[in-house]
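Below: one structure, written as structure tokens.
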Amino acid sequence: MAPSLSIFFLFIITFCVTLTAAAAGHYSLQTFSPRPAYQSLIKHAKTRKPKLPFKTRYFPQTLDHFSFHPKSSKIFYQKYLINTQYWHKGSPIFVYTGNEGDIEWFAANTGFMLDIAPKFRALLLFIEHRFYGESMPFGKDSYQSAKTLGYLNSQQALADLAVLIRSLKQNLSSEASPVVVFGGSYGGLLAAWFRLKYPHIAIGALASSAPILQFDKIIPWSSFYDAVSLDFKDVSQNCYEVIKGSWAELVAISTRKQALAELSKAFRTCKSLHSTASVLEWLWTAFVYTAMVNYPTEANFLKPLPAYPVQQMCKIIDKSPSGETKLSRAFAAASLYYNYSQTENCFEVEYEVDPHGLHGWHWQTCTEMVMPMTCSNESMFPPSGFDYKRFAEQCRMKYGVLPRPHWITTEFGGERIEKVLKRFGSNIIFSNGMQDPWSRGGSSPC
């Protein structure tokens, strides 16, 4: 995925891995849908905002664009960043469709738009997604219940973009300015969908690492983790085999009486572990996210990382002493993700910090953004399946709602979307790197 468009995220994946003991003494794994793979106990940290070449503005946005109930017209203030340094009246407006996080985070990691703005004399606009960052429709109570979170969905977010863009063009007296939308990962989905739903507002879209085919049964559910595994396997067969074999060693340790104490010491945890499942998730997160941000240059999007971090992880594994266990080698490699900067004396395995405010994604995956994921025998992760009934029950218990697994393909198109785009011409560029784990869920340029 292109670092200039951030990813998207990070489509940043949210998987939920559950490690449970079965009666026979074995462990069963289940992989759920994507996104912020943060541990169950999350701390929210205040991070220093990066200095960016943008001015911050707030737009009075409508709460509900699709009904006329008395509460629908409630106003909340949606944050956006604007740069008019290179803009000339009538020139293009480049809009970044905000992801599931603080808008400054994406602006700080999206250099491509700044790079091309002078050539096109473009105005740059980064619009924050509702229910993320400072764009909270109900303030501190925005996440209080499903009654408030019910206004968090992709259709409302797209309508927010449309209303804000039209208003801005009117205020600038530049309604003839063409608009191109940009986005990565979930933001890439929004960019592509915006072009499809609002072609009278945007003349084109650049969707980077947009998993537009990841829904329903359009592609094999194992595609994402197969791609992550292939990234490591292409670097080193031994690296792939070590990671693949480390899970069995973890399971074996987990059956011991002093397992938690032993793992706390081996993984240099800051606090004693409460569950062996957190160790699996900690390792899993490191390998998946590293594959997602396997950039050819140093980067600091998710964590500070060297150029080609997958290669660097595999070097650590391949150069480990022969007497080391597979699990200890996997830990050493994962430590690159969490401590490349060499500033950590211990690891917060169960108390990961969420500095970018990503937690709203859990609601989205429990409602419309249902992207089933499994691990095949070809994966370096333990084979696992997707149990929709169990997933739906967890969502019901947490939020009191049930997912709508077929809604996205109903609203935006399913397996025939590529043919439709190519036939009618869409001016949508789907940008995916060959090593991008989301590339199998993306689409070809149209």
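The values are calculated or read from the model by the stated rules, or taken from the named source; none is laboratory data. Please read all numbers here as calculations on a predicted model, not as lab measurements. Note that we place each Cβ from the backbone using ideal geometry, even for glycine, and neighbour counts take in every protein chain shown. Areas reflect the complete protein model, heavy atoms only, side chains present, ligands, DNA and RNA absent. Shrake-Rupley method; radii C 1.70, N 1.55, O 1.52, S 1.80 Å.
Observations
- Simple label model, 7 Å out from Cα along Cβ direction - Leu402 to Lys51, nm: 5.5 nm
- Shown here for the range 48-78: trypsin sites (Lys or Arg not before Pro) in loop regions (DSSP other than H, G, I, E, B) with at most 16 other Cβ atoms within 10 Å, namely Arg48, Lys51, Lys74.
- Rounded to whole numbers, the Karplus 3J(HN,Hα) couplings from phi for the range 59-69 are 10, x, 9, 7, 5, 10, 7, 10, 8, 10, 6 Hz, using 6.51 cos²θ - 1.76 cosθ + 1.60 with θ = phi - 60°, and x at Gly and Pro.
- Residue list for the range 300-326, given a label point 7 angstrom along the Cα-to-Cβ vector of Ala266 and an amide N cut-off under 11 Å: 325-326
- Carbon plus sulfur fraction of accessible area for the range 222-339, probe 1.4 Å, in percent: 52 percent
- A straight Cα-to-Cα reach below 18 Å connects Lys119 with the lysines Lys89, residues fewer than 8 places away in its own chain not being considered.
- Within the shell of other residues whose beta carbon sits under 12 angstrom from the beta carbon of Leu273, the net charge comes to -1, with Lys and Arg scored +1 and Asp and Glu -1.
- Residues whose amide H falls under 5 Å from that of Phe59, counting only those 5 or more places apart or on a different chain, are Gln78, Lys79, Tyr80, with hydrogens built in the peptide plane.
- Exceeding the 24 Å Cα-Cα cut-off - candidates Lys244/Lys265; Lys244/Lys271; Lys79/Lys169: Lys244/Lys271
- Sequence-distant lysines (8 or more away, or on other chains) whose Cα lies within less than 23 Å of Lys398: Lys43, Lys140, Lys147, Lys389
- Cross-link reach is defined here as a Cα-Cα straight distance under 17 Å, omitting same-chain residues fewer than 8 places apart; for Lys55 the aspartates and glutamates meeting it are Asp102, Glu104, Glu128, Glu134.
- The H on the amide N of Phe182, modeled in the peptide plane, is under 5 Å from the matching H of Val95, Tyr96, Thr97, Leu206, each at least 5 residues off or on a different chain.
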